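Chemist: Before anything else, here's the structure in question.
The values are calculated or read from the model by the stated rules, or taken from the named source; none is laboratory data. Everything quoted here is computed from the prediction, not taken from an experiment. Cβ coordinates were reconstructed from backbone atoms using ideal geometry, including for glycine residues, and neighbour counts include every protein chain displayed.
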Amino acid sequence: MEVLLPESIVRLRHQVQELTLSHIAPQASQTDQDARWPLHSMQALAEAGVMGLHVPKRFGGHEQGLLALAVLGETIAQGCTSSALCYAMHCVGSAVITAKATAYHEEKYLVPIAENRHITTLALSEHGTGAHFYLPQTEL
């Protein structure tokens with residue numbers, strides 16, 4: 001079955017594909033060997049302007065959904081699974097903030113995320129969550 005992707009996602013995938021081949025994949029083995037967070041990958045993704053994947057366009061983001069995350073995550077994972085996971089966690093965290101942001105949070109978090117100046121994540125194994133990740137106690 002052939003899936004036709006929207007042109008906006010095709011463009012993002014192509015951009016991330018080139019970035020993965022040139023910057024992310026060459027360091028993947030060392031990143032995993034050292035068991036370290038892929039700072040170089042996250043910086044490269046930020047420089048490419050894709051950290052605001054789920055952030056609304058009015059804040060400078062791409063205003064994409066889960067399909068774009070799946071496509072970009074798969075593309076990054078072809079070069080470095082660790083980088084793909086960290087990027088996905090950032091995007092999911094951004095989506096949560098986007099869904100519940102007040103005007104204050106929009107300015108404090110969404111604008112810097114869209115400007116590729118802020119990385120976020122989720123802490124699903126932290127106190128207050130336990131085994132019930134779907135019932136978190138959230139504080140911004």
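Chemist: Name the single residue that is farthest from Thr120 (Cα to Cα) among those in segment 55-69 being assigned to a helix (DSSP H, G or I) and of a type in the set (A, V, I, L, M, F, W, C).
Modeler: Leu67
Chemist: If you don't mind, another one. Somewhere in segment 106-115, is a residue within 17 Å of Glu47 (Cβ to Cβ) and either surrounded by fewer than 17 Cβ atoms within 10 Å (Cβ to Cβ) or modelled with pLDDT under 95 (or both)?
Modeler: Yes; the residues of segment 106-115 include at least one that is within 17 Å of Glu47 (Cβ to Cβ) and either surrounded by fewer than 17 Cβ atoms within 10 Å (Cβ to Cβ) or modelled with pLDDT under 95 (or both).
Chemist: Quick one: is Met42 touching a His at 6+ places or on another chain (Cβ under 7 Å) and in contact (Cβ under 8 Å) with a residue 60 or more places away in the chain?
Modeler: Judged against the criteria, Met42 is not a match.
Chemist: Let me ask you something else. Suppose we filter segment 22-48 for residues that are surrounded by fewer than 18 Cβ atoms within 10 Å (Cβ to Cβ), assigned to a loop (DSSP other than H, G, I, E, B) and touching a helix residue (DSSP H, G or I) at 6+ places or on another chain (Cβ under 8 Å); how many remain?
Modeler: 2
Chemist: In addition: Return yes when Gly60 is surrounded by 13 or more Cβ atoms within 10 Å (Cβ to Cβ) and at pLDDT 95 or above and no when it is not.
Modeler: Yes.
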